[in-house]
Amino acid sequence: MTDESPPTDGDPSGAPSASEGIPPGIRSIKDLIDRVTGRHLGPISAEGDSGLAEQWPYPFLALVGQMEMKLGLLLALVNPAIGGVLLIGPRGTGKTTAVRSLIDLLPSVRQSKCHYGCTEEDAETGGIEALCPNCAEKYAKGEPLSSLRPVRLVELPLNARLEDVVGSVDERAAVHNRMRIRRGILSHADRNLLYVDEVNLLGDEVVDAILDAAAQGSFTVRRGAVTATYRSRFTLVGTMNPEEGRLRPQILDRFGLRLLVRGLEAQDERLEAYRRARAYITNPKQVVAAFVEETILARDEIEAARALLPQVTLPDEVAKIGLDLIRGLGIDSLRAEITLFEAARALAAADARSKATPDDIRQVAPMALRLRRSAFMDQYFDDQRGEEAEIAGALAALPSGPPAVAPPKKKSVPRKKQAKKG
Ligand SMILES: [Zn+2]
């Protein structure tokens, strides 16, 4: 089926710790992307075509090129604290395909089994009162309220009304607080991925509601004196084509990583993208099958990286490089640091390391820091050229290579002075 199948040692899907089951030569998610990107699809038969393409999402790893887009999306899966991802680019560059193709890579998290979204966590923080009567009964019996399920991709329809998004309160259903909530998209997005296509074309009130929920991790709906609150912790993934409209600066600020998605430049890449797209239209199932092995590997890698993430540290000297970079670029928003550092930690975790390095900062800096100063979306690409060069310049000015672990300076001068005073 393929002219070069990747070398595999044993059964990659069997190993719970993915980093151990990885074929030789593949050290991390990045290696995997690199390898698969350069692969050529073999002949695809038109026979045995089993139905609609929608049933077989285009494999993420089959996307040609677009390294930054792929890396950014995977980092957001590894570490939700990055604060979401915005894909910026013209039409036809594969933004939507890329987001939808994440489906096969999504890790598992604990999710409520109940229509009202009750979880054990609610009971622990708010007592049994915080559960719907049905779940309260289950909880009392020691039955689970949640189960481990793959993160879902919840797509916000373009024509969504505010009510569809935030849900509503049913005043008559006053029996129990939980049962007053008619769940909206934001509630369904809890612990999932919320995908907003054309985020720059959404109505202000819908965008504000989404950003409120994203910032708080919950949303409160009010009707008269009745209020109800539900959890809404999601990873926000947005796409936009700047040709079609501006994005308010305060909205842009809420997106962690900003990925510029341009058309493929290399001719061989364009040709390969065309071949894969044609193969997929002819026989989606076969294209999916051609990438299934690496897809399973990548999903295991993401799970392993998520498990490792809490132990990944950001040494002070690495943080300082990031802070210097942000100061040098004149960025005000504190979200810049959060995204930069969390993305660097995610990259370290994806590489099976427990410490972020200056090189991690270098790799994620353009994604985390671009478009942080620009207040006017009109000047997107004009501004961008200058800023990109500036980031590159600032990066080039950093000491090169891995850090020669400098002896830590235990006490800084001002501290000594303070100590003497006291
Ligand atoms: Zn319930």
Region 346-359: number of residues that are at negative phi, more than 17 Å from the chain's Cα centre (by Cα) and of a type outside the set (S, T, N, Q): 5
Taking residue 324 as the residue in question, decide whether it is in the same structural domain as residue 76 (by TED's automatic domain parsing), of a type outside the set (Val, Ile, Thr) and either touching a residue at least 40 places away in the same chain (Cβ under 8 Å) or within 22 Å of residue 393 (Cβ to Cβ) (or both). no
Residues that are among the hydrophobic types (A, V, I, L, M, F, W, C) and part of a helix (DSSP H, G or I), drawn from region 318-334: 318, 319, 321, 323, 325, 326
Could you please let me know if residue 178 is modelled with pLDDT under 90 and farther than 23 Å from residue 113 by Cβ? no
From the option list 337, 387, single residue qualifying as at pLDDT 85 or above, acidic (Asp, Glu) and outside any loop (DSSP other than H, G, I, E, B) is 337
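The values are calculated or read from the model by the stated rules, or taken from the named source; none is laboratory data. It should be emphasised that the depicted structure is a prediction, and the values quoted were computed from it without experimental measurement. Note that each Cβ is placed from the backbone with ideal geometry, even for glycine, and that neighbours are counted across all protein chains shown.
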